[in-house]
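The structure appears right after this line, and notes come after that.
The values are calculated or read from the model by the stated rules, or taken from the named source; none is laboratory data. Since we're looking at a predicted model, the values are computed, not measured. Heavy atoms of the whole protein, side chains included, go into the accessibility calculation; ligands, DNA and RNA do not. Shrake-Rupley method; radii C 1.70, N 1.55, O 1.52, S 1.80 Å.
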Amino acid sequence: DQKKLSVDFEGVKRLFLPEFLGRLSALIPFNSLEEKHAHLILDKFINNFESRVKKKHGINLEFSEKLKEFLVKKGFDKIYGARPLKNILGKKVFGKIADLILFDSNKSETIFLDLKDGKVVALYKHSLNLEINERELVNES
């Protein structure tokens, strides 16, 4: 690691002027993210969203492990890290869930999100009856 750090610093010295380098207090190397980190990041994004939805609308969200795996595969990139994952969740999943909560006449205490035939689906769990409705959220090809 020390050898790699010295090589990286040599590259920094070639790239920047000495005046700029004199203002730096430290160089901190970062390792790239791995897929296992993407799973942890996904769980954090989901937990934050679930708690906001529960607090504001009284609705529980549950994500299947199969869906989580799908989202990590679609949204994790070795170069860009978790940014694509955040974009997929925000635009394609969380936005659609928000539309579902606000505009769908089916109201439920719990919405279970799963992957079926390559598509993200929402299963409503009604506490008073056992009716389960299915609605497509994201059409991934």
* To do: Sorted from largest down, give the three principal axis spans of the alpha carbons of the stretch 41-100, whole angstrom values.
  => 37, 20, 18
* Name the long-range amide H neighbours of Leu61: under 5 Å, sequence gap of 5 or more, or other chain; modelled H, no Pro or chain starts. => Ile111
* In the structure shown, do any of Lys96/Lys119; Lys54/Lys86; Lys36/Lys56; Lys74/Lys125 have a Cα-Cα gap over 22 Å, and if so which? -> Lys36/Lys56; Lys74/Lys125
* Asked: For the stretch 23-94, what is the accessible area per residue in Å² when the probe is 1.4 Å?
  -> 71
* May I ask you to evaluate 6.51 cos²θ - 1.76 cosθ + 1.60, the Karplus curve with θ = phi - 60°, for each residue of the stretch 110-122 and list the ³J(HN,Hα) values in order in whole Hz, giving x for glycine and proline? => 9, 10, 9, 9, 9, 10, 9, 6, x, 10, 7, 10, 10
